[in-house]
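Written out below as C-alpha cells is the structure these notes cover.
The values are calculated or read from the model by the stated rules, or taken from the named source; none is laboratory data. Keep in mind the model is a prediction, meaning the values are calculated, not measured. Using ideal geometry, Cβ is built from the backbone for each residue, glycine included, and neighbour counts are taken over all protein chains shown. Remember, those area values only see protein heavy atoms, side chains included, never the ligands or the DNA or RNA. Shrake-Rupley method; radii C 1.70, N 1.55, O 1.52, S 1.80 Å.
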Amino acid sequence: QVQLVESGGGLVQPGGSLRLSCRASGIILNINARTWYRQAPGKESELVARITSGGSTNYADSVKGRFTISRGNAKNTAYLQMNSLKPEDTAVYYCSIQTVTGYDYWGQGTQVTVSS
C-alpha cells in the first residue's frame, strides 16, 4: 500500500517561512491532483492549495500571495512553500494525492505552529 509522508513542519515565529514536503512511498499512476489541507484545533479541515496534473493551481483566500504549491521533479511529490506565516496558520497540514479514478492517498500530517 502506497503511503504519503509529509515533512518540514515545526515551530516558526510570525513572519517566518517553512517548506512542507510530501513524498509517496511508491509509484502512484494517473495522478489528477496534489492537494494540501490543514486542520486547526477545534476547526474543520480546509483546503489550502491544490495543483492539478496540468499545473493549474488554486489556493484558499487566506493564503493567497503567501503560499505556493508545487510538484517536484520526481513523480509523486508535492511541496508547499509557506511565507509570511501568521499565528492563524497554525494547524496540522496534510498532503493528499488524487488519482483520475477518484482514489485519494493521504499522509499522516505534519504540525505547523506559528508563535512568538
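Which number comes out as Rg/Rh for the stretch 65-116 once both Rg and the Kirkwood Rh are worked out on C-alpha atoms?
Dividing the radius of gyration by the Kirkwood radius yields 1.03.
Using +1 on the beta carbon of Lys and Arg, -1 on that of Asp and Glu, and nothing else charged, what's the dipole of the chain about the Cα centre, debye to 20?
Charge dipole, the chain, about its Cα centre: 320 debye, nearest 20.
Which whole number in µm²/s is D for the stretch 26-73 by Stokes-Einstein, with the Kirkwood Rh taken over Cα pairs at 4 °C and 1.567 mPa s?
Calculated translational D: 108 µm²/s.
Given the convex hull over the Cα atoms of the chain, what projected area results after averaging over all orientations, in nm²?
6.9
Taking 0.36 nm per intervening residue step and subtracting the Cα-Cα distance, what contour gain separates Thr68 from Glu46 on full extension?
Gain on extension, Thr68 to Glu46, equals 6.3 nm.
In whole Å, what is the distance between the alpha-carbon centres of the stretch 20-69 and the stretch 82-114?
Here the two parts' Cα centres lie 6 Å apart.
List the residues of the stretch 24-54 whose backbone N lies under 17 Å from a point placed 7 Å from the Cα of Val2 along the Cα-to-Cβ direction.
Taking a point 7 Å out along Cα→Cβ of Val2, the residues of the stretch 24-54 whose backbone N falls under 17 Å are 24-36, 51-54.
Choose one of Pro87, Gly55, Leu4: the residue whose Cα lies farthest towards the positive end of the charge dipole of the chain (beta-carbon charges +1 Lys, Arg; -1 Asp, Glu; about the Cα centre).
Working it through, the farthest residue towards the positive pole turns out to be Gly55.
Put Arg38, Arg23 in order of accessible area, largest first, 1.4 Å probe: what do you get?
Arg23, Arg38
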